[in-house]
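Take a look at the structure set out below.
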Amino acid sequence: MPLVFAAATNHGPGITARRETAPEDEVAPFFEGFERLHQRIEAAKLDALVMVSSDHIQNLYMDNMPAFIIGLGDSFPGPTEDEHFLKIPKTIVPGAPDLAAALADEVMETVDLAYSGELALDHGFMVPLHFLTPDYDVPVVPLIINCMFPPYPKLGRAYELGRALRRAIDQQPGRIGLLGTGGLSHWPAAPLSGKVAVEWDREFLDAMTANRRDDMIRYTDAEIERDGGPGGHEIRSWITVAGACEGSTGVLDFYTPLPSFAIGGAVVEMTIA
Amino acid sequence: MKLLISMQAYNVQKLIFHMNTRPAVYERYGSDRDALFADYKLSAAEQDYIETMNVGALYEMGVQPQLLAPFAGRENIAWLDYIKGMENPGPLREKED
Ligand SMILES: [Fe+2]
(Lines give C-alpha, C1' and ligand atoms only; values in the text may rest on other atoms or scores of the structure.)
Protein backbone atom coordinates (compact mmCIF):
# COMPACT_ATOMS: atom_id res chain seq x y z
CA MET A 1 0.00 0.00 0.00
CA PRO A 2 1.89 3.06 -1.24
CA LEU A 3 0.28 5.70 0.99
CA VAL A 4 2.09 4.81 4.18
CA PHE A 5 1.70 7.96 6.26
CA ALA A 6 -0.81 10.81 6.45
CA ALA A 7 -0.89 13.66 8.93
CA ALA A 8 -1.68 17.33 9.29
CA THR A 9 -0.05 20.05 11.35
CA ASN A 10 0.77 23.76 11.49
CA HIS A 11 3.17 25.99 9.64
CA GLY A 12 2.86 29.46 11.20
CA PRO A 13 6.08 31.43 10.64
CA GLY A 14 6.17 32.34 14.33
CA ILE A 15 7.15 28.72 15.06
CA THR A 16 10.69 29.47 13.91
CA ALA A 17 10.70 33.29 13.81
CA ARG A 18 9.63 33.75 17.45
CA ARG A 19 10.77 30.46 18.98
CA GLU A 20 13.45 32.10 21.12
CA THR A 21 11.18 34.77 22.57
CA ALA A 22 8.12 32.57 23.28
CA PRO A 23 7.49 31.36 26.87
CA GLU A 24 8.96 27.88 27.17
CA ASP A 25 6.02 26.40 29.07
CA GLU A 26 3.65 27.60 26.36
CA VAL A 27 5.50 26.19 23.37
CA ALA A 28 7.23 23.10 24.81
CA PRO A 29 4.21 20.79 24.23
CA PHE A 30 4.19 21.88 20.62
CA PHE A 31 7.86 21.12 19.97
CA GLU A 32 7.57 17.80 21.79
CA GLY A 33 4.65 16.91 19.53
CA PHE A 34 6.61 18.02 16.46
CA GLU A 35 9.48 15.78 17.56
CA ARG A 36 7.14 12.78 17.87
CA LEU A 37 5.89 13.54 14.37
CA HIS A 38 9.49 13.76 13.17
CA GLN A 39 10.20 10.31 14.63
CA ARG A 40 7.14 8.78 12.99
CA ILE A 41 7.98 10.29 9.61
CA GLU A 42 11.50 8.90 9.87
CA ALA A 43 10.13 5.47 10.81
CA ALA A 44 7.87 5.56 7.75
CA LYS A 45 10.99 5.49 5.49
CA LEU A 46 9.34 7.63 2.85
CA ASP A 47 10.44 7.70 -0.77
CA ALA A 48 8.54 10.94 -1.24
CA LEU A 49 6.36 13.36 0.71
CA VAL A 50 3.33 15.05 -0.84
CA MET A 51 2.77 18.31 1.03
CA VAL A 52 -0.40 20.37 0.89
CA SER A 53 -0.33 24.01 2.00
CA SER A 54 -1.48 27.46 1.06
CA ASP A 55 0.90 29.83 -0.67
CA HIS A 56 1.46 33.10 1.20
CA ILE A 57 1.50 35.35 -1.84
CA GLN A 58 5.07 34.27 -2.54
CA ASN A 59 4.28 32.48 -5.82
CA LEU A 60 0.74 33.35 -6.81
CA TYR A 61 -1.31 36.50 -7.30
CA MET A 62 -4.80 37.32 -8.56
CA ASP A 63 -3.58 37.74 -12.14
CA ASN A 64 -3.53 33.96 -12.45
CA MET A 65 -4.82 32.25 -9.33
CA PRO A 66 -5.33 28.50 -9.40
CA ALA A 67 -7.56 26.77 -6.86
CA PHE A 68 -5.04 23.90 -6.72
CA ILE A 69 -1.52 23.83 -8.17
CA ILE A 70 1.11 21.07 -8.01
CA GLY A 71 4.87 21.57 -8.29
CA LEU A 72 6.54 19.53 -11.03
CA GLY A 73 10.01 20.94 -10.46
CA ASP A 74 13.22 18.94 -10.02
CA SER A 75 13.85 20.99 -6.91
CA PHE A 76 12.46 23.98 -5.06
CA PRO A 77 14.30 26.90 -3.49
CA GLY A 78 13.14 27.89 -0.03
CA PRO A 79 12.36 29.51 2.18
CA THR A 80 11.25 32.54 0.20
CA GLU A 81 11.24 34.59 3.41
CA ASP A 82 14.31 36.46 4.63
CA GLU A 83 16.52 34.27 6.77
CA HIS A 84 16.86 36.91 9.49
CA PHE A 85 13.06 36.86 9.85
CA LEU A 86 12.19 33.15 9.51
CA LYS A 87 15.47 31.83 10.95
CA ILE A 88 15.61 28.98 8.47
CA PRO A 89 18.68 28.99 6.19
CA LYS A 90 18.05 29.14 2.45
CA THR A 91 18.32 25.75 0.79
CA ILE A 92 17.18 23.68 -2.17
CA VAL A 93 14.59 20.99 -1.48
CA PRO A 94 14.58 18.04 -3.88
CA GLY A 95 11.42 17.51 -5.91
CA ALA A 96 9.99 14.36 -7.47
CA PRO A 97 9.00 15.50 -10.96
CA ASP A 98 8.07 12.10 -12.41
CA LEU A 99 5.98 11.19 -9.40
CA ALA A 100 4.36 14.64 -9.36
CA ALA A 101 3.43 14.35 -13.04
CA ALA A 102 2.02 10.85 -12.55
CA LEU A 103 -0.02 11.99 -9.55
CA ALA A 104 -1.30 15.02 -11.45
CA ASP A 105 -2.30 12.84 -14.38
CA GLU A 106 -4.41 10.54 -12.22
CA VAL A 107 -5.82 13.29 -9.97
CA MET A 108 -7.12 15.04 -13.08
CA GLU A 109 -9.48 12.16 -13.76
CA THR A 110 -11.68 13.84 -11.13
CA VAL A 111 -10.11 17.11 -9.92
CA ASP A 112 -8.48 19.70 -12.18
CA LEU A 113 -5.01 20.85 -11.16
CA ALA A 114 -2.78 23.63 -12.38
CA TYR A 115 0.93 22.88 -12.39
CA SER A 116 4.19 24.77 -12.29
CA GLY A 117 7.83 23.97 -12.88
CA GLU A 118 8.95 26.97 -10.82
CA LEU A 119 7.36 26.99 -7.40
CA ALA A 120 9.39 28.30 -4.50
CA LEU A 121 8.64 27.08 -0.98
CA ASP A 122 7.55 29.55 1.66
CA HIS A 123 7.03 28.96 5.38
CA GLY A 124 3.98 26.80 4.61
CA PHE A 125 6.39 24.09 3.50
CA MET A 126 9.69 25.10 5.05
CA VAL A 127 8.65 25.47 8.69
CA PRO A 128 7.37 21.87 8.94
CA LEU A 129 10.20 20.48 6.78
CA HIS A 130 12.79 22.21 8.96
CA PHE A 131 11.66 20.00 11.86
CA LEU A 132 10.30 16.90 10.14
CA THR A 133 12.93 16.21 7.45
CA PRO A 134 15.70 18.48 8.72
CA ASP A 135 18.24 17.17 6.21
CA TYR A 136 15.80 17.76 3.34
CA ASP A 137 16.56 14.25 2.16
CA VAL A 138 13.00 13.23 1.27
CA PRO A 139 11.83 14.42 -2.17
CA VAL A 140 8.79 16.69 -1.88
CA VAL A 141 5.77 17.13 -4.13
CA PRO A 142 4.27 20.50 -3.16
CA LEU A 143 0.59 21.11 -3.72
CA ILE A 144 -0.86 24.55 -3.05
CA ILE A 145 -4.48 25.35 -2.23
CA ASN A 146 -5.57 28.98 -2.62
CA CYS A 147 -6.41 30.20 0.88
CA MET A 148 -5.30 33.80 0.27
CA PHE A 149 -7.70 35.48 -2.14
CA PRO A 150 -11.37 34.61 -2.58
CA PRO A 151 -13.11 33.02 -4.34
CA TYR A 152 -11.52 30.03 -2.58
CA PRO A 153 -11.97 26.40 -3.58
CA LYS A 154 -14.94 24.98 -1.67
CA LEU A 155 -14.17 22.84 1.36
CA GLY A 156 -15.85 19.87 -0.31
CA ARG A 157 -13.46 20.21 -3.24
CA ALA A 158 -10.51 20.05 -0.85
CA TYR A 159 -11.91 16.72 0.36
CA GLU A 160 -12.34 15.54 -3.24
CA LEU A 161 -8.74 16.54 -3.93
CA GLY A 162 -7.70 14.26 -1.09
CA ARG A 163 -9.75 11.36 -2.44
CA ALA A 164 -8.18 11.86 -5.87
CA LEU A 165 -4.68 12.09 -4.41
CA ARG A 166 -5.20 8.83 -2.56
CA ARG A 167 -6.29 7.05 -5.73
CA ALA A 168 -3.23 8.45 -7.53
CA ILE A 169 -0.77 7.70 -4.72
CA ASP A 170 -1.99 4.13 -4.40
CA GLN A 171 -1.05 3.48 -8.02
CA GLN A 172 2.57 4.32 -7.28
CA PRO A 173 5.18 1.79 -6.23
CA GLY A 174 7.09 3.76 -3.61
CA ARG A 175 6.39 4.59 0.03
CA ILE A 176 4.61 7.93 -0.08
CA GLY A 177 3.61 10.22 2.76
CA LEU A 178 1.01 12.97 2.78
CA LEU A 179 1.28 16.01 5.03
CA GLY A 180 -1.22 18.86 5.15
CA THR A 181 -0.10 22.09 6.81
CA GLY A 182 -1.69 25.33 7.98
CA GLY A 183 -4.24 26.65 10.43
CA LEU A 184 -5.74 26.08 12.72
CA SER A 185 -7.60 29.22 13.82
CA HIS A 186 -5.48 32.35 13.38
CA TRP A 187 -5.52 35.97 12.32
CA PRO A 188 -2.16 36.19 10.53
CA ALA A 189 -0.40 39.54 10.35
CA ALA A 190 -3.68 41.25 11.28
CA PRO A 191 -4.81 43.30 14.29
CA LEU A 192 -6.12 40.19 16.08
CA SER A 193 -2.80 38.34 15.58
CA GLY A 194 -2.27 36.10 18.59
CA LYS A 195 -5.95 35.28 19.08
CA VAL A 196 -6.66 31.53 19.11
CA ALA A 197 -10.23 30.20 18.87
CA VAL A 198 -9.87 27.09 21.01
CA GLU A 199 -13.47 25.88 20.75
CA TRP A 200 -13.48 26.30 16.99
CA ASP A 201 -10.21 24.39 16.68
CA ARG A 202 -11.43 21.56 18.90
CA GLU A 203 -14.69 21.20 17.03
CA PHE A 204 -12.84 20.92 13.73
CA LEU A 205 -10.33 18.44 15.19
CA ASP A 206 -13.19 16.28 16.52
CA ALA A 207 -14.72 16.16 13.05
CA MET A 208 -11.38 15.45 11.41
CA THR A 209 -10.26 12.67 13.72
CA ALA A 210 -13.64 10.97 13.24
CA ASN A 211 -13.38 11.78 9.51
CA ARG A 212 -16.89 13.18 9.48
CA ARG A 213 -16.72 14.82 6.06
CA ASP A 214 -20.00 16.68 6.31
CA ASP A 215 -19.00 18.31 9.59
CA MET A 216 -15.58 19.27 8.27
CA ILE A 217 -16.95 20.96 5.16
CA ARG A 218 -20.02 22.62 6.69
CA TYR A 219 -18.44 26.05 7.26
CA THR A 220 -19.10 28.96 4.93
CA ASP A 221 -16.15 31.20 4.10
CA ALA A 222 -17.75 33.96 6.16
CA GLU A 223 -18.09 31.66 9.17
CA ILE A 224 -14.44 30.64 8.86
CA GLU A 225 -13.32 34.29 8.79
CA ARG A 226 -15.50 35.22 11.74
CA ASP A 227 -14.82 32.23 13.99
CA GLY A 228 -11.45 30.86 12.87
CA GLY A 229 -9.91 33.99 11.36
CA PRO A 230 -8.54 34.49 7.84
CA GLY A 231 -5.91 31.83 8.58
CA GLY A 232 -8.73 29.40 9.31
CA HIS A 233 -9.15 28.97 5.56
CA GLU A 234 -6.11 26.70 5.78
CA ILE A 235 -8.25 23.92 7.24
CA ARG A 236 -8.52 23.05 3.55
CA SER A 237 -5.11 21.31 3.77
CA TRP A 238 -6.33 19.22 6.72
CA ILE A 239 -9.55 18.37 4.90
CA THR A 240 -7.52 17.15 1.92
CA VAL A 241 -5.61 14.78 4.21
CA ALA A 242 -8.91 13.51 5.66
CA GLY A 243 -10.24 13.00 2.13
CA ALA A 244 -7.19 10.90 1.28
CA CYS A 245 -8.06 8.71 4.28
CA GLU A 246 -11.81 8.48 3.67
CA GLY A 247 -13.25 5.60 5.68
CA SER A 248 -10.48 5.82 8.30
CA THR A 249 -10.27 7.83 11.47
CA GLY A 250 -7.34 9.70 12.94
CA VAL A 251 -5.60 10.35 16.22
CA LEU A 252 -5.06 13.77 17.75
CA ASP A 253 -1.50 13.66 19.03
CA PHE A 254 -1.89 17.02 20.78
CA TYR A 255 -3.73 20.30 20.65
CA THR A 256 -2.39 23.41 22.31
CA PRO A 257 -3.14 27.09 21.80
CA LEU A 258 0.01 29.02 20.92
CA PRO A 259 -0.67 32.75 21.19
CA SER A 260 3.05 33.47 20.91
CA PHE A 261 3.06 31.84 17.50
CA ALA A 262 -0.42 33.21 16.73
CA ILE A 263 -1.89 29.77 15.96
CA GLY A 264 -3.82 26.90 17.45
CA GLY A 265 -1.24 24.11 17.32
CA ALA A 266 -2.00 20.44 16.69
CA VAL A 267 -0.92 17.25 15.02
CA VAL A 268 -3.44 14.78 13.64
CA GLU A 269 -2.23 11.50 12.21
CA MET A 270 -4.71 9.52 10.14
CA THR A 271 -4.91 5.76 10.09
CA ILE A 272 -4.09 4.24 6.71
CA ALA A 273 -6.62 1.52 5.91
CA MET B 1 -21.91 36.63 -2.78
CA LYS B 2 -19.95 39.85 -2.90
CA LEU B 3 -18.26 39.73 -6.27
CA LEU B 4 -14.49 39.38 -6.17
CA ILE B 5 -14.00 41.36 -2.99
CA SER B 6 -10.29 40.60 -3.09
CA MET B 7 -9.92 42.52 -6.36
CA GLN B 8 -10.06 45.68 -4.25
CA ALA B 9 -6.74 47.45 -4.24
CA TYR B 10 -5.61 45.21 -7.09
CA ASN B 11 -2.77 47.39 -8.35
CA VAL B 12 -1.22 48.30 -5.02
CA GLN B 13 -1.35 44.65 -3.93
CA LYS B 14 0.27 43.61 -7.20
CA LEU B 15 3.10 46.09 -6.65
CA ILE B 16 3.71 44.87 -3.08
CA PHE B 17 3.62 41.25 -4.30
CA HIS B 18 6.23 42.04 -6.92
CA MET B 19 8.39 44.01 -4.48
CA ASN B 20 8.21 41.08 -2.06
CA THR B 21 9.13 38.45 -4.64
CA ARG B 22 11.16 40.16 -7.40
CA PRO B 23 14.38 41.82 -6.26
CA ALA B 24 14.55 43.95 -9.41
CA VAL B 25 11.18 45.52 -8.64
CA TYR B 26 12.14 46.24 -5.04
CA GLU B 27 15.37 47.74 -6.31
CA ARG B 28 13.34 50.08 -8.55
CA TYR B 29 11.39 51.15 -5.47
CA GLY B 30 14.67 52.55 -4.21
CA SER B 31 16.03 53.97 -7.45
CA ASP B 32 13.12 54.75 -9.77
CA ARG B 33 10.12 55.15 -7.50
CA ASP B 34 7.92 57.59 -9.39
CA ALA B 35 8.14 55.61 -12.62
CA LEU B 36 7.49 52.38 -10.71
CA PHE B 37 4.36 53.84 -9.10
CA ALA B 38 3.22 55.07 -12.51
CA ASP B 39 3.77 51.65 -14.08
CA TYR B 40 1.50 50.09 -11.47
CA LYS B 41 -1.05 52.94 -11.77
CA LEU B 42 -1.04 53.73 -8.06
CA SER B 43 -3.25 56.53 -6.78
CA ALA B 44 -1.68 59.40 -4.85
CA ALA B 45 -3.11 58.00 -1.62
CA GLU B 46 -1.70 54.52 -2.29
CA GLN B 47 1.73 56.02 -3.01
CA ASP B 48 1.62 57.96 0.24
CA TYR B 49 0.54 54.93 2.29
CA ILE B 50 3.42 52.86 0.93
CA GLU B 51 6.04 55.56 1.39
CA THR B 52 4.96 56.30 4.96
CA MET B 53 4.33 52.61 5.75
CA ASN B 54 0.73 53.36 6.64
CA VAL B 55 -0.04 49.64 6.77
CA GLY B 56 -3.33 50.24 8.61
CA ALA B 57 -4.67 52.41 5.80
CA LEU B 58 -3.57 49.85 3.20
CA TYR B 59 -5.31 47.13 5.24
CA GLU B 60 -8.49 49.19 5.37
CA MET B 61 -8.34 49.54 1.58
CA GLY B 62 -8.43 45.76 1.32
CA VAL B 63 -4.75 44.84 1.07
CA GLN B 64 -4.08 41.28 2.29
CA PRO B 65 -2.12 41.53 5.55
CA GLN B 66 0.13 38.67 4.47
CA LEU B 67 1.48 41.01 1.79
CA LEU B 68 2.02 43.79 4.30
CA ALA B 69 3.89 41.90 7.01
CA PRO B 70 6.86 40.75 4.87
CA PHE B 71 7.04 44.15 3.19
CA ALA B 72 7.10 45.89 6.57
CA GLY B 73 9.83 43.51 7.73
CA ARG B 74 11.94 44.37 4.69
CA GLU B 75 11.35 48.05 5.38
CA ASN B 76 12.70 47.57 8.93
CA ILE B 77 9.40 48.05 10.73
CA ALA B 78 9.52 46.06 13.99
CA TRP B 79 6.79 43.43 14.42
CA LEU B 80 5.08 45.18 17.36
CA ASP B 81 5.14 48.52 15.54
CA TYR B 82 3.62 46.78 12.54
CA ILE B 83 0.78 45.32 14.60
CA LYS B 84 0.17 48.71 16.25
CA GLY B 85 0.02 50.27 12.80
CA MET B 86 -2.53 47.68 11.70
CA GLU B 87 -4.68 48.47 14.74
CA ASN B 88 -4.38 52.25 14.44
CA PRO B 89 -3.93 53.43 10.86
CA GLY B 90 -1.45 56.22 10.42
CA PRO B 91 2.05 56.76 9.07
CA LEU B 92 4.72 54.64 10.76
CA ARG B 93 7.39 56.95 9.39
CA GLU B 94 7.78 60.23 7.63
CA LYS B 95 7.98 60.49 3.92
CA GLU B 96 11.54 60.95 2.66
CA ASP B 97 12.25 63.87 0.34
FE1 LIG C 1 -0.41 29.84 6.41
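The values are calculated or read from the model by the stated rules, or taken from the named source; none is laboratory data. Not measured: the values here are computed from a predicted model. Neighbour counts run over all protein chains shown; Cβ positions are idealised from the backbone, glycine included. Ligands, DNA and RNA are excluded from the accessible area calculation, which covers all protein heavy atoms including side chains. Shrake-Rupley method; radii C 1.70, N 1.55, O 1.52, S 1.80 Å.
Percent of accessible area on chain B owned by carbon and sulfur, 1.4 Å probe?
51
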Would you mind pulling out the separation of the Cα centroids of the stretch A:20-60 and the stretch B:12-45, in Å?
34
Average partner coverage of B:7-20, which counts Cβ from other chains inside 10 Å:
2
Among the listed pairs B:14/B:95; B:14/B:84; A:87/A:154; A:45/A:87, which have their C-alpha atoms separated by more than 29 angstrom in this model?
A:87/A:154
Obtain the nm distance between the two label points defined at residue A:206 and residue A:221 by a simple spin-label model: each point lies 7 Å from its Cα along the Cα-to-C-beta direction.
2.8
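If you count, for each residue, the other Cβ atoms within 10 Å and average over each peptide, how do A:195-204, A:124-133, B:71-80, A:231-240 line up from highest to lowest?
A:231-240, A:124-133, A:195-204, B:71-80
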Give me the three principal axis extents of the stretch B:2-87 from the C-alpha atoms, as integers in angstrom, largest value leading.
34, 31, 22
I'd like to compare A:162-169, A:180-187: which one has the highest average count of other Cβ atoms within 10 Å, and what's the full order after that?
A:180-187, A:162-169
Once you place label points 7 Å from the Cα toward the Cβ at residue A:116 and residue A:35, how far apart are they in nm?
3.5
Helical contribution to [θ] at 222 nm, DSSP H n ≥ 4, -39,500 (n - 2.57), averaged over chain A, rounded to 500:
-9500 deg cm²/dmol
Given R₀ = 22 Å, FRET efficiency for residue B:78-residue B:41 by Cβ-Cβ distance, to 0.05?
0.10
Average the reciprocal distances over every distinct pair of alpha-carbons in the protein assembly as shown, invert the result, and give the Kirkwood radius in Å.
20.8
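How many Cβ atoms of partner chains, on average, are near each residue of B:73-82 if near means within 10 Å of its Cβ?
Partner-chain Cβ atoms within 10 Å, mean over residues of B:73-82: 2.
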List the pair-distance distribution P(r) of the stretch A:1-68, using every Cα-Cα distance, as the percent of pairs falling in each 10 Å bin from 0 up to the bin containing the longest distance, rounded to whole percents.
14, 35, 32, 17, 1
Gain upon complete extension [residue A:135, residue A:192; 0.36 nm per residue less C-alpha separation]:
17.0 nm
For chain A, what is the accessible area per residue in Å² when the probe is 1.4 Å?
36
Report, as an integer, the average count of C-beta atoms from other chains found within 10 Å of each Cβ along A:179-192.
3
Proximal aspartates and glutamates to residue A:90, defined as alpha-carbon separation beneath 13 angstrom and excluding residues fewer than eight positions away on the same chain
A:81, A:82, A:122, A:135
Taking 0.36 nm per residue of sequence separation and subtracting the Cα-Cα distance, how much length would be gained by fully extending the chain between residue B:33 and residue B:93, in nm to one decimal?
19.9 nm
Rank by packing, highest mean first: peptides A:72-85, A:105-118, with packing defined as the count of other Cβ atoms within 10 Å averaged across residues.
A:72-85, A:105-118
